[in-house]
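The structure that follows is given in the form of structure tokens.
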Amino acid sequence: MALIIPEGRVATYGQVADLAGLPGRARLVSKALRSSNEEIAIPWHRIVRADGKIAFPAGSEQAQEQRQRLISEGVGVEGFRIRLKIYQWQPELHDILHRLKY
């Protein structure tokens with residue numbers, strides 16, 4: 001079973017790379033998300049930059065969609081930034097050790 005970022009939480013590109021066993025490869029996570037098929041249910045909207053900002057340009061359609069999806073899940077979005085201290089997902093050590101597939 002793979003770990004999935006739960007509703008109401010976000011993770012950073014770097015955090016996802018670290019959990020995938022690819023530290024320092026945040027851009028690879030971004031590339032993988034861009035090339036993913038829509039048929040695969042990846043919660044792309046729950047992944048943000050290391051500073052908590054939505055990675056799409058603020059006025060873009062994609063940024064608006066990501067913002068709305070996060071708000072609908074209960075994530076507080078101020079402009080186009082999420083307060084990571086409040087909403088960043090921190091998986092339990094047990095889940096990292098026993099549920100995460102590398």
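Give the residues of the range 71-100 that are aliphatic (A, V, I, L, M), farther than 17 Å from residue 30 by Cβ and touching a residue at least 40 places away in the same chain (Cβ under 8 Å), sorted by residue number.
Answer for the range 71-100, where residues must be aliphatic (A, V, I, L, M), farther than 17 Å from residue 30 by Cβ and touching a residue at least 40 places away in the same chain (Cβ under 8 Å): 75, 84, 96, 100.
Considering only residues that are in a loop (DSSP other than H, G, I, E, B) and within 17 Å of residue 8 (Cα to Cα), which ones fall in the range 41-55?
41, 42, 43, 49, 52, 54
Out of the range 9-32, which residues are open to solvent by 40 Å² or more (accessible area, probe 1.4 Å), touching a residue at least 12 places away in the same chain (Cβ under 8 Å) and over 21 Å from residue 70 (Cα atoms)?
20, 21, 27
Specify the residue that is surrounded by the fewest Cβ atoms within 10 Å (Cβ to Cβ); the eligible residues are those in the range 33-55 that are under 18 Å from residue 5 (Cβ atoms) and of a type in the set (Gly, Ala, Ser).
This residue is 41.
Applying the selection to the range 86-101, what residues are crowded, with 16+ Cβ neighbours inside 10 Å and touching a Leu at 6+ places or on another chain (Cβ under 8 Å)?
Across the range 86-101, the qualifying residue is only 91.
Same structure again: How many residues does the range 1-36 hold that are of a type outside the set (Val, Ile, Thr) and not in a loop (DSSP other than H, G, I, E, B)?
Count: 16.
When the range 56-85 is examined, which residues are found to be surrounded by 15 or more Cβ atoms within 10 Å (Cβ to Cβ) and part of a loop (DSSP other than H, G, I, E, B)?
Answer for the range 56-85, where residues must be surrounded by 15 or more Cβ atoms within 10 Å (Cβ to Cβ) and part of a loop (DSSP other than H, G, I, E, B): 56, 73, 75, 80.
The values are calculated or read from the model by the stated rules, or taken from the named source; none is laboratory data. Keep in mind the model is a prediction, meaning the values are calculated, not measured. Because the Cβ atoms are built from the backbone with ideal geometry, glycine has one as well, and the counts that use them run over all protein chains shown. Note: areas computed on protein heavy atoms with side chains; ligands, DNA, RNA excluded. Shrake-Rupley method; radii C 1.70, N 1.55, O 1.52, S 1.80 Å.
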